[in-house]
Amino acid sequence: MDFSFATQQIIYGLTLGCLYGLLAIGYTMVYGVLRLINFAHGDLLMVSAYVAFFGIIIFSLPWPLAFVGAAVLTAMIGILIDRGAYKPIRKSPRISALITAIGVSFFLENLALVLIGGRPKSFPTPMMFNGSLTLGQLKIPVLSLWVLAVTLVLLIVVVTIIHRTRVGMAMRALSRDIETVSLMGIDENRVISFTFALGSVLAAFGGVMWCMKYPAVEPFMGVIPGLKAFVAAVLGGIGNVTGAAIGGLILGLAEVLIVAIEPDWSGYRDAIAFCIMIVILLTRPTGIMGENLPD
Amino acid sequence: MLQIEDLHVSYGGIKALKGISIEVGKGEIVSLLGSNGAGKSTTVRAISGLVSIGSGEINFKGIRLKGMSAHKIQKLGLAHVPEGRKIFSNLTVNENLLMGAYNNRDKSDIRSLLELFFRRFPAMDCKREQLAGTLSGGEQQMLAIGRAMMSKPELLVMDEPSLGLAPLVVNDVFNIIEGIRKEGTTVLLIEQNANAALKISDYAFLLENGRILLEGTGVELLNDPRVRAAYLGGAEDKADSDK
Ligand SMILES: Nc1ncnc2c1ncn2[C@@H]1O[C@H](COP(=O)(O)OP(=O)(O)O)[C@@H](O)[C@H]1O
Ligand SMILES: [Mg+2]
């Protein structure tokens, strides 16, 4: 394995890792605030992919508009999922919320199946995201550069919101004590909605970029990325946004590099993530950047 | 300022409050005393909208609180310092205070409220950027009170502010409560430390098993033999006199 091959694989790994990371941030934020693993989060990838797809194909929107539309609609669906499914059972035992989350995930997948059908649709990737730059022996896909840049910008935006704004302060407070936040005159449900919206926007960006990388849009496309993003969130320390991004990168790199070193293992690609998950849970359940949470 | 009429609250099948009536007048310090499990916290949690009212009425400044959510009640000018302080341990001291003023959009007003707090508690000044979870119990209680005062409440409800604090700090807490009242805020004080609470109270209620057992002015209750027997170490007095 020579240097340029290795660099090439690292670029692929980072690209995939960014996509996991974008999705993992939403998982981790919702968990941080509600202690809920929102299993429907991965399906938002699919929602945004379809919105962007229909925006471009059926409504002939220019792609930037279709992408913004995908972000806005996915955010609204994220809020709707919380208000419709999770809010009514906010005070119930956590296991009810977990089961509800799985139910919402099945609901979204099957709703898409019924409304749109199961045949994968080919995503119309805009011209400017195609092609690659050649640097010596290195071929860097333009899309990879976009993915890296967009992820970095979104990560900075999210961290800034959480640590430098009023609503971010309320989100951090909420992660410890919802009741006392309400005693401060803060409508906790508005802060929770904001959290869902923020996570969903990231998932929407992830979804659109995922489709440009793997251009097949279908109802179950969010399942595997969703599960892996969940692993990334656990790996990074669930509840920690930067940790989720790092977890995503590690997972993406591990997947790509292990297969690059041992091509025979390519069939076990998806198993790698879950092996990492098992090791983490056995050795360091709080993840890389996680703190010890009460209970 | 605050009227509670025939309030009933239950948790599932457990009746925590069986019809209590309390009144708090403007500018007063009113205490609600009682032993563990008497229903004190349930009462103040019903006032703040944290538990739902079974039957009965709660009125604050003539506004009916029944069915109102906690954040709306706070906006009416009612601040609640919860039992166990409940400061946001992962936020800094400054941020905890800012949480109290969340709905205040006037930056210069917030700044002067912050300065007021740090003038009142100069020891906290160098800890502004410290995580609140690293403070001592007494400091956390001061922060919890300060956080509540950041909303400039008309009525401050405090649930056992002296709980688990060293005797010297307990003294400070009661001095602060008196200071708050002097500046014009009405106080509803929940306490198990009946002696100290009654000394600063205009009026007090004694709660037992979800019912009001006794009520009267602070002085009346301080001298009531039943209160002395149950809450003021009267049993020891008796043991002493037996000798
Ligand atoms: N969340 C709850 N669920 C069930 N019972 C409760 C709950 N909170 C309090 N109780 C019960 O209600 C009664 C009054 O409790 P509380 O108001 O906390 O008393 P106090 O503050 O005076 O110690 C107690 O018997 C207590 O066990
Ligand atoms: Mg109590």
- [ ] May I ask you to say which residue of A:Ile280, A:Ile288 is assigned to a loop (DSSP other than H, G, I, E, B), over 30 Å from B:Leu97 (Cα atoms) and open to solvent by 10 Å² or more (accessible area, probe 1.4 Å)?
- [x] A:Ile288
- [ ] Name, by its number, the condition in (1) open to solvent by 50 Å² or more (accessible area, probe 1.4 Å); (2) over 11 Å from the mean Cα position of the chain (by Cα) that does not hold for A:Phe205.
- [x] (2)
Open item on the list: If I ask for residues that are open to solvent by 30 Å² or more (accessible area, probe 1.4 Å) and within 13 Å of chain A (Cβ to nearest Cβ), which ones from the range B:104-134 would you list?
Closed with: B:Asn104, B:Arg105, B:Lys107, B:Glu129, B:Leu131, B:Gly133
Task: Single condition A:Gly136 does not satisfy, out of (1) surrounded by fewer than 14 Cβ atoms within 10 Å (Cβ to Cβ); (2) under 15 Å from A:Phe54 (Cα atoms) - done: (2)
- [ ] Could you please let me know if A:Ile186 is in contact with a helix residue (DSSP H, G or I) (Cβ under 8 Å, 6 or more places away or on another chain), farther than 24 Å from B:Met149 by Cβ, of a type in the set (Val, Ile, Thr) and within 13 Å of another protein chain (Cβ to nearest Cβ)?
- [x] no
Task: Filter pass, A:Lys228 being touching a strand residue (DSSP E or B) at 6+ places or on another chain (Cβ under 9 Å) and basic (Lys, Arg) - done: no
Task: Elements of type strands (runs of 3 or more DSSP E) in the range B:23-98, at least 3 residues being surrounded by fewer than 17 Cβ atoms within 10 Å (Cβ to Cβ) and out of contact with any helix residue (DSSP H, G or I) (no Cβ under 9 Å at 6 or more places or on another chain) - done: B:55-60
- [ ] Would you check which residues across the range B:1-15 are within 13 Å of ligand 1 (Cβ to nearest atom), under 21 Å from B:Ala70 (Cα atoms) and open to solvent by 20 Å² or more (accessible area, probe 1.4 Å) and list them?
- [x] B:His8, B:Ser10, B:Tyr11, B:Gly12
TODO: Within the range B:57-79, track down each residue that is of a type in the set (Gly, Ala, Ser), without any contact (Cβ under 8 Å) to a residue 60 or more places away in the chain and in contact with a Ser or Thr (Cβ under 8 Å, 6 or more places away or on another chain).
DONE: B:Gly67, B:Ser69, B:Ala70
Open item on the list: Looking at the range B:62-103 only, could you name the residues that are out of contact with any strand residue (DSSP E or B) (no Cβ under 7 Å at 6 or more places or on another chain), more than 9 Å from every other protein chain (Cβ to nearest Cβ) and more than 19 Å from A:Asn189 (Cα to Cα)?
Closed with: B:Gly62, B:Ile63, B:Gly84, B:Arg85, B:Val93, B:Asn94, B:Leu97
Open item on the list: Need a quick list: strands (runs of 3 or more DSSP E) entirely within the range B:137-243 having at least 2 residues that are basic (Lys, Arg) and modelled with pLDDT of 95 or more.
Closed with: none
- [ ] Considering every residue within the range B:65-87, establish whether at least one is within 15 Å of ligand 1 (Cβ to nearest atom), more than 30 Å from A:Arg176 (Cβ to Cβ) and modelled with pLDDT of 95 or more.
- [x] no
- [ ] Determine, yes or no, whether B:Arg111 is among the charged types (D, E, K, R) and under 19 Å from the mean Cα position of the chain (by Cα).
- [x] no
- [ ] Sort through A:Leu154, A:Leu98, A:Leu115 and tell me the only one that's open to solvent by 70 Å² or more (accessible area, probe 1.4 Å) and away from every other protein chain (no Cβ under 14 Å).
- [x] A:Leu115
Task: Selection count where residues are open to solvent by 10 Å² or more (accessible area, probe 1.4 Å) and more than 18 Å from B:Ser21 (Cα to Cα), scope the range B:186-221 - done: 8
Task: The listed residue being over 17 Å from the mean Cα position of the chain (by Cα), under 21 Å from A:Leu14 (Cα atoms) and open to solvent by 20 Å² or more (accessible area, probe 1.4 Å), out of A:Glu262, A:Glu188 - done: A:Glu262
Task: Residues being open to solvent by 60 Å² or more (accessible area, probe 1.4 Å) and not aliphatic (A, V, I, L, M) - total across the range A:30-83 - done: 6
Open item on the list: For the range B:24-40, check the following and say yes or no: at least one residue is within 14 Å of ligand 1 (Cβ to nearest atom), within 14 Å of chain A (Cβ to nearest Cβ) and in contact (Cβ under 8 Å) with a residue 12 or more places away in the chain.
Closed with: no
- [ ] Identify all residues within the range B:135-185 that are of a type in the set (S, T, N, Q), away from ligand 2 (no atom under 16 Å from the Cβ) and more than 14 Å from every other protein chain (Cβ to nearest Cβ); write none if there are none.
- [x] B:Ser136, B:Asn171, B:Asn175, B:Thr185
- [ ] Within the range B:9-21, identify whether any single residue is under 21 Å from A:Asn189 (Cα atoms) and within 14 Å of chain A (Cβ to nearest Cβ), and answer yes or no.
- [x] no
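The values are calculated or read from the model by the stated rules, or taken from the named source; none is laboratory data. Just so you know, these numbers come straight off a predicted model, no measurement behind them. Here Cβ is always computed from backbone atoms with ideal geometry, including for glycine, and neighbour counts include all displayed protein chains. The protein model used for the area step is the full one, side chains on, heavy atoms only, and it has no ligands, DNA or RNA in it. Shrake-Rupley method; radii C 1.70, N 1.55, O 1.52, S 1.80 Å.
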